[in-house]
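The values are calculated or read from the model by the stated rules, or taken from the named source; none is laboratory data. Just so it is clear, the model here is predicted, and its values are computed rather than measured. Ideal geometry is used to build each Cβ from the backbone, glycine not excepted, and the neighbour counts take in all protein chains shown.
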Amino acid sequence: MTEQQTIDIARLPVMGEAAQQSYPTATLYVVATPIGNVTDITLRALHLLALADVVACEDTRKTGALLQRFGLNKQTIAAHQHNEREVADKIIERLHAGQRVALVSDAGTPAVSDPGARIVDAVRNAGLNVAPLPGPSAVITALSASGLVNDRFHFVGFLPAKSKQREAALAPLVRETSTLVFYEAPHRIVDCVEALMEAFEPARQVVFARELSKLFEEVHRCALGEALAWVKADQHRERGEFVVLVEGAVAETDEQDAEAERILQILLAECSVKQAANLAAQITGRKKNALYERALQIKGE
Ligand code: SAM
């Protein structure tokens, strides 16, 4: 066994490096903040937050508390999904005055299923400088520990809350071969899993990345057919924050595609869209929802 090493972080030369870097004025800094563990903040983020003239944030109380943990007492302004356009004007004024403005969200990377994109867009359109400070993001953290071997992923983010809309959002993804990545709020995890089980084959691998970087972190992988049982096996699981990853579809060959299409066409000549989709699903082993969507397209509905 190798000898365990310890480090005195404060004495590391790299600590000084972050302070010596250039942080130009008149710039909007898009700063990633921790998704759970406060010590996941980066050195550059800390220095920039210390230098910033103002911090634009989703929730001034939450960010105020985070800044306090780093010994910072900063002016904050609210920048949430309901005021992005107006606050963008205020930020642009400050940038014209030569200030450094930090943009953060409650957790993780701003503008990823979080407010921020409209502000960045407005600042860019005004010809002003935007600099990203990389750091934590739940999607990347979850992917890295999933073990799903696929170079491509399709980030879906939050599914709609209403079941019909959720179904409609999932239908076009059924044949997607990239790993699918969903964000989910704790109170909707059961609905989400039920919808995934309805949409995709039970043999697909699913990964639940729960409470990442927090005390009760769990990264669990199983077949989709076993997913609901796993979520329900422990009542705490319906409370944590989740990233859900679903293995992509196996790419169909052109011949298999053509055969499914041929069967659907024949059935549609004789039956309703619903019956044709049901029968085609039984014959081909494909998912009913996807065949139903395709049948609607063929019928021009
Ligand atoms: N901008 C953030 C990012 O970069 O990941 C995402 C913000 S979004 C409003 C919140 C969602 O991200 C949660 O509902 C959950 O799906 C996911 N999330 C955030 N923190 C997480 C964590 N610690 N563990 C698992 N999922 C998390």
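A few points about this structure:
- The numbered conditions (1) in contact with a Ser or Thr (Cβ under 7 Å, 6 or more places away or on another chain); (2) on the phi < 0 side of the Ramachandran plot; (3) within 9 Å of the ligand (Cβ to nearest atom) are all true for G248 except (3).
- Filter pass, A117 being within 7 Å of the ligand (Cβ to nearest atom) and not polar (S, T, N, Q): no
- Test for L72: is it under 19 Å from I35 (Cβ atoms) and without any contact (Cβ under 8 Å) to a residue 40 or more places away in the chain: no
- Among the residues examined, E218 does not qualify as surrounded by 14 or more Cβ atoms within 10 Å (Cβ to Cβ) and either assigned by TED's automatic domain parsing to the domain that holds A107 or in contact (Cβ under 8 Å) with a residue 24 or more places away in the chain (or both).
- Residues satisfying the stated conditions in the range 276-290, i.e. at negative phi and out of contact with any helix residue (DSSP H, G or I) (no Cβ under 7 Å at 6 or more places or on another chain): Q282
- Meets criteria (surrounded by 15 or more Cβ atoms within 10 Å (Cβ to Cβ) and not charged (D, E, K, R)) for L245: yes
- Of the residues in the range 166-184, none is more than 18 Å from the chain's Cα centre (by Cα), within 20 Å of T141 (Cα to Cα) and in contact (Cβ under 8 Å) with a residue 24 or more places away in the chain.
- Count of the range 177-197 residues which are acidic (D, E) and in contact with a Phe, Trp or Tyr (Cβ under 7 Å, 6 or more places away or on another chain): 1
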